[in-house]
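Novice: Here's a structure for you.
The values are calculated or read from the model by the stated rules, or taken from the named source; none is laboratory data. What you are looking at is a predicted structure, and each value in this text was computed from that prediction instead of being measured. Every residue, glycine among them, receives a Cβ derived from its backbone with ideal geometry; neighbour counts consider all protein chains shown.
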Amino acid sequence: SSSESSSPVQPGASSRSPGYETLVVTSEGDITKIMFNRPTKKNAVNTQMYHELMLALKTASEDDSILTVVTGDGDYYSSGNDLTNFTDVHSGGLEEKAKSSVTLLRNFVNCFIDFPKPLVAAVNGPAVGIAVTLLGLFDVVYASDKATFHTPFSQLGLIPEGCSSYTFPKIMGTAKAAEVLIFGKKLTAAEACARGLVTEVFPDSTFQREVWTRLKTYAKLPKNAMRVSKELLRNLEREKLHAVNEEECRAIQGRWMSDESLNAVASFLSRQESL
Amino acid sequence: SSSESSSPVQPGASSRSPGYETLVVTSEGDITKIMFNRPTKKNAVNTQMYHELMLALKTASEDDSILTVVTGDGDYYSSGNDLTNFTDVHSGGLEEKAKSSVTLLRNFVNCFIDFPKPLVAAVNGPAVGIAVTLLGLFDVVYASDKATFHTPFSQLGLIPEGCSSYTFPKIMGTAKAAEVLIFGKKLTAAEACARGLVTEVFPDSTFQREVWTRLKTYAKLPKNAMRVSKELLRNLEREKLHAVNEEECRAIQGRWMSDESLNAVASFLSRQESL
Amino acid sequence: SSSESSSPVQPGASSRSPGYETLVVTSEGDITKIMFNRPTKKNAVNTQMYHELMLALKTASEDDSILTVVTGDGDYYSSGNDLTNFTDVHSGGLEEKAKSSVTLLRNFVNCFIDFPKPLVAAVNGPAVGIAVTLLGLFDVVYASDKATFHTPFSQLGLIPEGCSSYTFPKIMGTAKAAEVLIFGKKLTAAEACARGLVTEVFPDSTFQREVWTRLKTYAKLPKNAMRVSKELLRNLEREKLHAVNEEECRAIQGRWMSDESLNAVASFLSRQESL
């Protein structure tokens, strides 16, 4: 029952999980909040953050919470994959690096596919790359009107991941999805909402208050019913999503070793440094 | 030919099918209209109505009509499953009741999956629960601007049915569908239309006139072409829909016997009685 | 590399491919433009144009271009299948004609399913029938606000093709798709955009300028990345699309030989002649 599962904290109190550097993970009532915590890096996802996110999701899937919320600290939700990940090539060389990166990516995306509880994104600001594509695997996506959604894969010689080659056409239709995934069109929050990627947009000034009021109400609903509903919906495409993730990762490994991508990423990073 | 299939009634005349208590079934021109007829109960679907609806759909699938329209009498379209169905537990006890209810539900939903002619919903007012989820199996859904769409499954410890765990994410994308199906967010007619669940919304004052003018025009189109088109579209997902219906029914049986649901439904009914 | 693939023309220069009568096919920079060229016939697709379009798509798939754009000359995008195709019945008679027409249709649609590069439609004006349904197989669809989208299949005793029985419900949901495909509801550009069939609508006065500015920018993106992205998205449903095309063609053959269709088409053509 829900009374058995309440944690021994005071009402309204929030407990912070120790051991995370790139995230702040807190529990309040029946909600686990996972917050990206590299605000000075626009919450870019470096290798450490990939690992910590997988740990935080695994822990949240097993704790007493009813809902899990992912959000960002500071102005950005997340600027996506930290491109300096690419420059950290060790003795094994480029091919070894690409292989291990793809393994990490595959496992990371699988954590979202298989997350067993309702998963909510509170997109507080701009989202880029994998921070956008993964939204197709969330159950509900609330966005501030300051949020934007940008997937410049082609610009970097890369291709879509996070199952977006499947989820985005399903959500918004091919004609809207391909413009975003192939041509890298950036969407406003309103556009992302009209296309179905975002559930609802709130004014930035009231975003936190409105979202958390709503989530606290939802967290009071019967826990098992919500979990069975989530399982019912996800089971209908779990197998497909895993197959898509495999297929995307297979293709990405080739892209990461391509001249197109190596040149585009190097050019991007040198522009960043010169700012 | 269409002249062979016209019934021997005067133009504009309407004939009422005998033998229904919870429905009013009429034929006018080439349109069969099935109207929920429990207005004092907000057209809640009790066991008798489930059986009469199955009979009415079977009859309409075999009569000379070209279109079939489902609508409600009074202010409501339908408040969904009549929850007093749950309290009618006979000697066999709860498990027996849950089993027979699930069999009824499965057969009922199958009638909508397999209905062979264009099926139109004229949603004249609020729709709740299964009256909403089934809309995903209609070909066209017209709504009054007084209609609302509410699926409070979790609130009752229950889960989605009517193939909505498949049709709703397909229609509106996961981020919009899960808010409705898992969190029970109520939609206005305009919201349901923007999400694709509703084809078009009309002002309540002109709803009946505009919808019936349009339907009478459509009913004059070549009959076999429309039937083959409907078959073509439905065949692409008939097998999937049956599998989803099975899966939902399997999960629902467990929910109906759960403490969460028994408590939530009892609480709902006692609140209703005290009104 | 992209420098290897640039053609030996001056920047901004455009070269016209010889040998087409019903199309104008030009290459400029990295874009191949295929323009319907029967403006006095509202760009209706006659048998010759079906064959020339297949040739143009095959050629574009193998040339050095990065993007391929399909558009129409004059006021119309295309009024769809030229119904005089139906009246051109030779000695083999009706059944032979239906068979050969279905073979042509199947092969024609397959060219769109299997086109390997990003494919963009610039819908400059009204689109009818197969000119509409095929849009579900394009990657991006830009439309002038003077464009309309009309699929009067039932009106002609016919049924949907171009994989629209699959793509349209996926893009816009059943309730919106069936009104268009079964009842022949005509959509404005804004409606088609809200339903996801169209990516974006531009004012007619600036349509050409805005679309081509955007396409020229997109054509500068890394070529292989875009091609792999397109392949990734299309491979997820290529098999399904071919199966749908088969199924539609099988059903269409029956319709073309039906009294409903023969009468409706004859009636349409005689009304056209009397104008």
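Novice: Give me the pairs: first residue in region B:98-112 and without any contact (Cβ under 8 Å) to a residue 60 or more places away in the chain, second residue of a type in the set (Ser, Thr, Tyr) and in a helix (DSSP H, G or I), beta-carbon distance under 8 Å, and six or more apart or on different chains, which are they?
Specialist: B:LEU104/B:THR47; B:LEU104/B:TYR50; B:PHE108/B:TYR50
Novice: Taking the residues in region B:245-275 that are of a type in the set (Ser, Thr, Tyr) and within 12 Å of chain A (Cβ to nearest Cβ) as candidates, determine which candidate is surrounded by the fewest Cβ atoms within 10 Å (Cβ to Cβ).
Specialist: B:SER267
Novice: Within the bounds of region B:246-254, is there any residue that is farther than 19 Å from B:ASP82 by Cβ, without any contact (Cβ under 8 Å) to a residue 40 or more places away in the chain and more than 22 Å from the chain's Cα centre (by Cα)?
Specialist: Within region B:246-254, one or more residues are farther than 19 Å from B:ASP82 by Cβ, without any contact (Cβ under 8 Å) to a residue 40 or more places away in the chain and more than 22 Å from the chain's Cα centre (by Cα).
Novice: From the list B:ARG195, B:ARG234, exactly one residue is within 25 Å of B:LEU156 (Cβ to Cβ), within 12 Å of chain C (Cβ to nearest Cβ) and modelled with pLDDT of 95 or more. Which is it?
Specialist: Values: B:ARG234 fails: within 25 Å of B:LEU156 (Cβ to Cβ).
B:ARG195 is the lone residue from the list that is within 25 Å of B:LEU156 (Cβ to Cβ), within 12 Å of chain C (Cβ to nearest Cβ) and modelled with pLDDT of 95 or more.
Novice: Scanning for something surrounded by fewer than 17 Cβ atoms within 10 Å (Cβ to Cβ), touching a strand residue (DSSP E or B) at 6+ places or on another chain (Cβ under 6 Å) and basic (Lys, Arg), does region A:30-38 turn up at least one residue? Quick ask: steps written out before the conclusion?
Specialist: Step one: list which residues in region A:30-38 are surrounded by fewer than 17 Cβ atoms within 10 Å (Cβ to Cβ), which gives none.
No, because not a single residue in region A:30-38 is surrounded by fewer than 17 Cβ atoms within 10 Å (Cβ to Cβ), touching a strand residue (DSSP E or B) at 6+ places or on another chain (Cβ under 6 Å) and basic (Lys, Arg).
Novice: Does A:LEU232 fit the bill of being aliphatic (A, V, I, L, M) and either under 20 Å from the mean Cα position of the chain (by Cα) or surrounded by fewer than 21 Cβ atoms within 10 Å (Cβ to Cβ) (or both)? Don't jump to the end; show me each part of the working.
Specialist: Values: aliphatic (A, V, I, L, M): yes; either under 20 Å from the mean Cα position of the chain (by Cα) or surrounded by fewer than 21 Cβ atoms within 10 Å (Cβ to Cβ) (or both): no.
No, not satisfied.
Novice: In region A:63-120, how many residues are of a type outside the set (D, E, K, R), outside any helix (DSSP H, G or I) and either surrounded by 21 or more Cβ atoms within 10 Å (Cβ to Cβ) or at pLDDT 95 or above (or both)? Walk me through how you get there before you give the answer.
Specialist: Narrowing region A:63-120 to residues of a type outside the set (D, E, K, R): A:65-72, A:74, A:76-81, A:83-87, A:89-94, A:98, A:100-105, A:107-113, A:115-116, A:118-120.
Imposing the further condition that a residue be outside any helix (DSSP H, G or I) reduces the set to A:65-72, A:74, A:76-81, A:83, A:89-92, A:115-116, A:118-120.
Now drop any that are not either surrounded by 21 or more Cβ atoms within 10 Å (Cβ to Cβ) or at pLDDT 95 or above (or both), which leaves A:65-72, A:74, A:76-81, A:115-116, A:118-120.
The total comes to 20.
Novice: Could you tell me whether any residue of region C:177-191 is facing another protein chain (nearest Cβ under 9 Å), free of Cβ contacts under 8 Å to residues at least 12 places away in the same chain and either farther than 21 Å from B:ASP139 by Cβ or of a type in the set (Val, Ile, Thr) (or both)?
Specialist: No, the conditions are met nowhere in region C:177-191.
Novice: Could you list, in sequence order, the residues of region A:154-200 that are farther than 19 Å from A:ALA243 by Cα, of a type in the set (Val, Ile, Thr) and in a helix (DSSP H, G or I)?
Specialist: The answer is A:THR174, A:VAL180.
Novice: Of a type in the set (Val, Ile, Thr) and over 19 Å from A:ALA121 (Cα atoms) - does that describe any residue in region A:189-199? Before the answer, list the steps.
Specialist: If we filter region A:189-199 for residues that are of a type in the set (Val, Ile, Thr), which is where we start, we get A:198-199.
Restricting the remaining residues to those that are over 19 Å from A:ALA121 (Cα atoms) gives none.
No, every residue in region A:189-199 fails to be of a type in the set (Val, Ile, Thr) and over 19 Å from A:ALA121 (Cα atoms).
Novice: With the structure loaded, tell me whether C:LEU135 is within 12 Å of another protein chain (Cβ to nearest Cβ), in a loop (DSSP other than H, G, I, E, B) and of a type in the set (A, V, I, L, M, F, W, C) or whether it fails that test.
Specialist: Details: within 12 Å of another protein chain (Cβ to nearest Cβ): yes; in a loop (DSSP other than H, G, I, E, B): no; of a type in the set (A, V, I, L, M, F, W, C): yes.
It is false that C:LEU135 is within 12 Å of another protein chain (Cβ to nearest Cβ), in a loop (DSSP other than H, G, I, E, B) and of a type in the set (A, V, I, L, M, F, W, C).
Novice: Now for a separate question. Identify the residue in region A:138-153 that is in a loop (DSSP other than H, G, I, E, B) and in contact with a strand residue (DSSP E or B) (Cβ under 9 Å, 6 or more places away or on another chain) and, among all such residues, is farthest from the other protein chains (Cβ to nearest Cβ). It would help to see each step written out before you state the result.
Specialist: Start the filter on region A:138-153 by keeping residues that are in a loop (DSSP other than H, G, I, E, B), which leaves A:138-139, A:145-147, A:151-153.
Narrowing further to those that are in contact with a strand residue (DSSP E or B) (Cβ under 9 Å, 6 or more places away or on another chain): A:138-139, A:145, A:147, A:151-152.
Details: A:PHE138: 7, A:ASP139: 4, A:ASP145: 16, A:ALA147: 13, A:THR151: 10, A:PRO152: 9 Å.
The extreme case among them is A:ASP145.
Novice: Before we move on, is B:LYS240 surrounded by fewer than 18 Cβ atoms within 10 Å (Cβ to Cβ) and under 30 Å from B:LEU262 (Cβ atoms)? If you could, list the steps in order and put the result at the bottom.
Specialist: On the way: surrounded by fewer than 18 Cβ atoms within 10 Å (Cβ to Cβ): yes; under 30 Å from B:LEU262 (Cβ atoms): no.
Answer is no for this residue.
Novice: Here's another thing I want to ask about it. Are there any pairs, at least 6 apart or on different chains, whose C-beta atoms fall under 8 Å, with the first in region B:262-275 and touching a residue at least 60 places away in the same chain (Cβ under 8 Å) and the second among the polar types (S, T, N, Q), and if so, which?
Specialist: Within 8 Å, the pairs are B:ALA264/B:GLN155; B:LEU269/B:THR84; B:LEU269/B:THR87.
Novice: Give region A:154-176 a look and list any residue that's more than 7 Å from chain C (Cβ to nearest Cβ) and more than 19 Å from A:GLU200 (Cα to Cα), or say none.
Specialist: Result: A:LEU156, A:GLU161, A:GLY162, A:CYS163, A:SER164.
Novice: Turning to a different aspect of this structure: So, A:VAL201, is that one of a type outside the set (Phe, Trp, Tyr) and touching a residue at least 24 places away in the same chain (Cβ under 8 Å) or not? Full working, then the answer.
Specialist: On the way: of a type outside the set (Phe, Trp, Tyr): yes; touching a residue at least 24 places away in the same chain (Cβ under 8 Å): yes.
Taking the combined requirement at face value, the residue satisfies it.
Novice: Scan region A:180-224 for residues that are of a type in the set (Val, Ile, Thr) and within 15 Å of A:THR148 (Cα to Cα) and jot them down.
Specialist: At the first step, the residues of region A:180-224 found to be of a type in the set (Val, Ile, Thr) are A:180, A:182, A:188, A:198-199, A:201, A:206, A:211, A:213, A:217.
The answer is A:VAL180, A:THR188, A:VAL198, A:THR199, A:VAL201.
Novice: Answer yes or no as to whether B:VAL228 is part of a loop (DSSP other than H, G, I, E, B) and at the interface with another protein chain (Cβ under 9 Å from one of its Cβ atoms). Quick ask: steps written out before the conclusion?
Specialist: On the way: part of a loop (DSSP other than H, G, I, E, B): no; at the interface with another protein chain (Cβ under 9 Å from one of its Cβ atoms): yes.
Here the answer is no, as B:VAL228 does not meet what is asked.
Novice: Which one of the conditions (1) touching a helix residue (DSSP H, G or I) at 6+ places or on another chain (Cβ under 9 Å); (2) part of a helix (DSSP H, G or I); (3) surrounded by 21 or more Cβ atoms within 10 Å (Cβ to Cβ) does B:LEU221 fail to meet, given that it meets all the rest?
Specialist: (2)
Novice: To continue, here is another question. Within region B:206-218, is even one residue touching a Gly at 6+ places or on another chain (Cβ under 7 Å), surrounded by fewer than 22 Cβ atoms within 10 Å (Cβ to Cβ), more than 9 Å from chain C (Cβ to nearest Cβ) and modelled with pLDDT of 95 or more? Spell out how you get there, then give the answer.
Specialist: As a first pass, look at region B:206-218 and keep what is touching a Gly at 6+ places or on another chain (Cβ under 7 Å): B:216.
Now drop any that are not surrounded by fewer than 22 Cβ atoms within 10 Å (Cβ to Cβ), which leaves B:216.
With more than 9 Å from chain C (Cβ to nearest Cβ) added as a condition, the list becomes B:216.
Those still in the list that are modelled with pLDDT of 95 or more too: B:216.
Yes, region B:206-218 contains at least one residue that is touching a Gly at 6+ places or on another chain (Cβ under 7 Å), surrounded by fewer than 22 Cβ atoms within 10 Å (Cβ to Cβ), more than 9 Å from chain C (Cβ to nearest Cβ) and modelled with pLDDT of 95 or more.
Novice: Taking region A:121-132 as the search range and keeping residues that are closer than 18 Å to A:GLN208 by Cα and within 14 Å of another protein chain (Cβ to nearest Cβ), which one is surrounded by the fewest Cβ atoms within 10 Å (Cβ to Cβ)?
Specialist: Taking region A:121-132 and keeping what is closer than 18 Å to A:GLN208 by Cα, we get A:121-127.
Then keep just the ones that are within 14 Å of another protein chain (Cβ to nearest Cβ); that gives A:121-123, A:127.
Numbers: A:ALA121: 26, A:ALA122: 23, A:VAL123: 31, A:ALA127: 31.
Only one residue fits best here, namely A:ALA122.
Novice: Now, a different point. Quick check: is even one residue across region A:74-81 under 22 Å from A:GLU210 (Cα atoms) and acidic (Asp, Glu)?
Specialist: Within region A:74-81, the first condition is being under 22 Å from A:GLU210 (Cα atoms), and the residues that meet it are A:74-78.
Filter again for acidic (Asp, Glu), leaving A:75.
The answer is yes; a qualifying residue exists.
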